[in-house]
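For reference, the structure is listed below as structure tokens.
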Amino acid sequence: MKPVDFIAIIAPIAVELRLDGSPIFPSLRIAQAAHETGWQIHSWNNLVGLKVGSGKPNPYWDGSSVRTGTWEVINGRRVDTAANWRAYRSIEDCFRDQDELFKLPRYARVRAATTPEEQADMLQACGYATDPAYGQKLKNLIGMYNLKKYDQEAEDVLKELQSQIRAQQDQIAELERKVRRLEGKHAMSVPEWAKEAVDAAVKAGIVDTPEGGSYDFYRLLTVMHRKGLI
């Protein structure tokens, strides 16, 4: 798959997850997926090199796996080997499962990183991969394919959403002020023109709390009193 086609598939998912609270910068997510797969999307949808390990099935991984060849750096030397990889129903499930991994204390520095470059370094520092050049390779891909524009895209969308939320909060506050004003109009002291009717209503046991009624309430009592109903 050509890088441009790969990025077109992965970028929207990476941005969406960032907006949904993922700690991973979209640029780093794309770069890591490209590096781990060689710009390929395999049928098992594992784009981040997550092994089966001792993990248990969760909402994003049902326990399925595949076994393929790979290599590790052990004691400074490359060693060819094989590994069991988690298999996913979708690319999004893969990334969300990875975010579950990043909740562990071990990856606190990854979550705390303030730039994608720092996050790449922290992935390596936290032992995500054995390749000593892992972080630099991810940073190279970020720069080579201008992937930070997707970080900016996520930030712009987030700012727009925050602006909309603030506008809605302002509208709610204004509605609350209007409601309070209306409530103030409805809860009033007994007007002079209604006192006689209210006194009669109290004596008749129709009203036990004369204060705090609305204009319509006092008008109704007055009409009833004039008609001899109270």
So what's the back-of-envelope 222 nm ellipticity for the chain, counting only DSSP H runs of four-plus at -39500 (n - 2.57) apiece and dividing by all residues, rounded to 500?
-> -17500 deg cm²/dmol
Cα atoms only, the chain: Rg and Dmax in Å?
-> 32.7, 105
Once the other residues with Cβ under 13 Å from the Cβ of Arg67 are scored (Lys, Arg +1; Asp, Glu -1), what is the net sum?
-> +2
Go through the stretch 59-64 residue by residue and turn each phi into a ³J(HN,Hα) via Karplus (6.51, -1.76, 1.60, θ = phi - 60°); whole Hz please, and just put x for glycine and proline.
-> x, 10, 9, 8, x, 5
Pull up the cross-link candidates among the aspartates and glutamates for Lys195, meaning alpha carbon to alpha carbon under 12 Å and not fewer than 8 places away within one chain.
-> Glu211
If you average the sequence gap of Cα pairs under 8 Å that are 6 or more apart and divide by the length of the stretch 1-64, what percent do you get for the contact order?
-> 27
According to the Cα gyration tensor, what semi-axes, each the square root of 5 times an eigenvalue, does the equivalent ellipsoid of the stretch 90-202 have, listed from largest to smallest in whole Å?
-> 63, 17, 11
Using the structure shown, select from Lys51/Lys103; Lys2/Lys149; Lys51/Lys137; Lys103/Lys139; Lys56/Lys148 the pairs with a Cα to Cα distance greater than 28 angstrom.
-> Lys56/Lys148
Who wins for biggest fluctuation among Asp80, Asp216, Asp97 in a Gaussian network model of the chain, springs between alpha carbons below 10 Å?
-> Asp216
Please state, to two decimals, what the Cα-based radius of gyration of the stretch 15-59 comes to when divided by 2.2 N^0.38 Å (N = residues).
-> 1.29
Compare the peptides 205-214, 11-20 by average per-residue count of other Cβ atoms within 10 angstrom and give them in order, highest first.
-> 11-20, 205-214
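Bear in mind that the values in this text are calculations on the coordinates, not laboratory data. Note that this is a predicted model, so its numbers are computed, not measured. Neighbour counts are summed over all protein chains in view; Cβ atoms, including those assigned to glycine, are modelled from backbone coordinates with ideal geometry.
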